[in-house]
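For reference, the structure is listed below as structure tokens.
Where a number appears in this text, it was derived from the coordinates with a stated rule and is not lab data. Since this is a predicted model, take the numbers as computed values, not measurements. No Cβ is skipped: glycine too gets one built from the backbone with ideal geometry, and neighbour counts run over all protein chains shown.
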Amino acid sequence: MLLVALDFALYFTKAAIALAIILCSYRLLRGPTAQDRVLALDTLWICCMLLALALGMRFGSDVYFELAMLIALTGFVSTVALSKFLMRGEIIE
């Protein structure tokens, strides 16, 4: 019974994350300002990281957890770089 509930929870989680990815992609493409697009991209990175974590839980593989760590690091660095570029017009001082 517990495994059935866990499987259902993981399917629901993956569906909710997929919906969030679709909505973030829409905001990324249609965002009225550049700041909205940066926030949508940051949220998209987070959703992809959560999807990798859910897949890691589903399949029981450590590779997905390492992939989630790489996605989180890449997302953080890209968000900081884009934010700095929008504020000052340059990344490297």
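Looking at the stretch 58-93, which of its residues are in contact (Cβ under 8 Å) with a residue 24 or more places away in the chain and over 14 Å from the mean Cα position of the chain (by Cα)?
Across the stretch 58-93, the qualifying residues are Arg58, Leu82, Ser83, Leu86.
Hey, which of the helices (runs of 4 or more DSSP H) in the chain, taking only ones fully inside, have at least 2 residues that are among the small types (Gly, Ala, Ser), out of contact with any helix residue (DSSP H, G or I) (no Cβ under 8 Å at 6 or more places or on another chain) and surrounded by fewer than 17 Cβ atoms within 10 Å (Cβ to Cβ)?
In the chain, 2-30 are the helices (runs of 4 or more DSSP H) which contain 2 or more residues that are among the small types (Gly, Ala, Ser), out of contact with any helix residue (DSSP H, G or I) (no Cβ under 8 Å at 6 or more places or on another chain) and surrounded by fewer than 17 Cβ atoms within 10 Å (Cβ to Cβ).
State yes or no: is Cys48 under 18 Å from Ala9 (Cα atoms), under 12 Å from the mean Cα position of the chain (by Cα) and touching a residue at least 12 places away in the same chain (Cβ under 8 Å)?
yes
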